[in-house]
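*Asks:* Sending over a structure as structure tokens; questions will come in a sec.
Just so it is clear, none of the values below were taken in a lab; they were calculated from the coordinates. The structure presented is a predicted model; accordingly, all values stated were derived computationally and were not measured. Cβ atoms come from the backbone with ideal geometry, glycine included; neighbour counts cover every protein chain shown.
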Amino acid sequence: MEDNNDNKKSSRRQFLKKGLIAGAGVVAGGSLLAAYVDKSKPTSGEKVKVLTTEGELVEVDKALIHSPRVSIEESHKGIPGRKFVMVIDLAKCKNARKCVEACQKGHHLPRSQEFMKVYLLQDSEKSAPYWFPKPCFHCDNPLCVSVCPVGATYKRSDGIVLIDNQRCIGCKFCMTGCPYSTRVFAWKDYPEYAEDKEPYSPEASSPGKEGTVSKCDFCPDLVRIGKLPYCAQNCPMGVIYFGDIDEDTVTNGSETLRFSELIRDRSGYRYLEVLGTRPSVYYLPPVERQFPVESGFKDLEESVKNRFKNTPYGKTHKL
Ligand code: SF4
Ligand code: SF4
């Protein structure tokens with residue numbers, strides 16, 4: 001048992017360190033700390049060790065680490081040697097919506113735009129309803145990419161599908177092409193966009209732009225510096241695991257698991273896999289749920305609650 005835990009801890013450390021080193025590789029000499037540490041940010045008190053290109057291990061406050069955004073050209077190249085995957089454990093989701101809010105905040109999005117959407121699904125009249133968080137699936141056979149007339153949306157070597165809003169003409173073909181409705185359209189220049197003072201990068205999907213499409217980006221700007229995506233970092237239930245399918249490792253920040261074992265032992269599946277899209281997001285079925293579905297309505301805003309009115313559950317419970 002002891003060896004296995006050490007292995008797990010070491011693979012998580014390896015996995016996170018690999019992300020950080022990949023980031024460090026692009027910064028020459030002593031400017032690492034300056035480039036990666038934003039002293040204007042509030043500190044968290046949590047220290048992490050970062051490796052400088054001189055091989056020096058320096059301790060910095062975790063909250064201060066940020067990655068300078070990569071250029072549009074650089075964003076076409078995936079993070080070398082990686083193939084990202086996400087696993088969502090439906091047995092643990094209670095619709096806390098911290099994933100949605102953290103993602104919106106991290107991407108400077110208005111409340112009306114959600115890269116992560118939480119649905120209430122019920123597979124049959126007789127089965128119990130359950131909460132279903134849905135980001136972009138970063139499909140290996142992305143229909144959205146194949147219909148874009150200007151090449152504004154593209155698939156990278158690390159599996160991530162991004163959109164360049166400097167190239168997007170807002171035709172919405174990709175929104176029609178995507179069978180999972182994960183994309184959102186900017187009907188106007190929302191004030192939240194202007195809050196982002198950093199240069200635009202498709203890796204951060206920010207600042208947004210009126211008349212263009214955007215979506216979940218798997219947060220490569222965070223992964224580059226060894227952090228998990230906003231949704232995975234902020235889910236209080238540890239529902240969202242993120243990792244590398246080639247490394248066969250995923251973590252939700254508190255536990256690290258072998259991806260292949262998790263999918264095998266928990267009957268993991270991909271949503272509407274029959275469509276042939278080959279999503280990079282897997283689900284663990286909602287068995288032995290930890291919460292009654294009702295708890296997901298507690299403190300829910302009326303505008304959000306209304307979305308579930310016409311679901312089978314909503315009708316039977318007169319929401
Ligand atoms: S809306 Fe933008 S990204 Fe989507 S298909 Fe049109 S040009 Fe491409
Ligand atoms: S991976 Fe990132 S962009 Fe996608 S839903 Fe999570 S926080 Fe949002």
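*Asks:* Which shape class, rounded, prolate or oblate, goes with the range 72-284 when its Cα gyration tensor gives a ≥ b ≥ c as root eigenvalues, a/c under 1.5 marks rounded, and past that a/b bigger than b/c marks prolate? Could you put the intermediate results ahead of the total?
*Replies:* Values: a/c = 1.44, a/b = 1.37, b/c = 1.05.
It is rounded, given that a/c, with a ≥ b ≥ c, falls under 1.5.
*Asks:* How long is the gain from residue 40 to residue 288 if the chain were fully straight, where each residue apart is worth 0.36 nm and the alpha carbon distance is subtracted?
*Replies:* 84.8 nm
*Asks:* Do the alpha carbons of any pairs in 215/309; 92/315; 117/215 sit beyond 18 Å of each other, and which pairs? Intermediate values should be presented prior to the final figure.
*Replies:* Working: 215/309 25 Å; 92/315 24 Å; 117/215 11 Å.
Going by Cα-Cα distance, 215/309; 92/315 fall outside the 18 Å limit.
*Asks:* Under a point spin-label approximation (7 Å from Cα along Cα-to-Cβ), what is the residue 189-residue 275 distance to one decimal in nm?
*Replies:* The two pseudo-label positions are separated by 3.3 nm.
*Asks:* Okay, moving on. Contour minus end-to-end for residue 315 and residue 140, with contour as 0.36 nm per residue of separation and end-to-end as the Cα-Cα distance? Walk me through the numbers on the way to the answer.
*Replies:* Values: separation 175, 0.36 × 175 = 63.00 nm, distance 3.68 nm.
Result: 59.3 nm gained on full extension.
*Asks:* Can I ask one more? Roughly how many whole Å is it from the C-alpha centroid of the range 123-157 to that of the range 245-319?
*Replies:* 14 Å
*Asks:* Count neighbours as other Cβ atoms within 10 Å of each site's Cβ, and list the trypsin sites (Lys or Arg not before Pro) in the range 92-129 that are DSSP loop with at most 14 such neighbours. Spell out each step's value before the answer.
*Replies:* Numbers: sites: 92, 94, 97, 98, 105, 111, 117, 126; in loops: 92, 94, 97, 111, 126.
Passing sites in the range 92-129 are 111, 126.
*Asks:* Over every pair of different alpha-carbon atoms in the range 82-193, take the mean of 1/r and invert it; report that Kirkwood radius in Å. Walk me through the numbers on the way to the answer.
*Replies:* Numbers: mean 1/r = 0.0633 Å⁻¹.
Here the Kirkwood hydrodynamic radius works out to 15.8 Å.
*Asks:* With a 10 Å radius around each residue's Cβ, average the other Cβ atoms per peptide and rank 182-189, 264-271, 298-305, highest first. Working shown, then result.
*Replies:* Details: 182-189: 16.6, 264-271: 14.2, 298-305: 10.4.
Answer by packing, highest mean first, reads 182-189, 264-271, 298-305.
*Asks:* Cα-Cα over 19 Å: which of 41/197; 197/227; 47/227; 83/155; 105/227?
*Replies:* On the way: 41/197 13 Å; 197/227 21 Å; 47/227 14 Å; 83/155 12 Å; 105/227 16 Å.
Over 19 Å apart, Cα to Cα: 197/227.
*Asks:* Principal axis extents for the range 131-187, Cα atoms only, whole Å, descending order, please.
*Replies:* That gives 34, 30, 17 Å along the principal axes, largest extent first.
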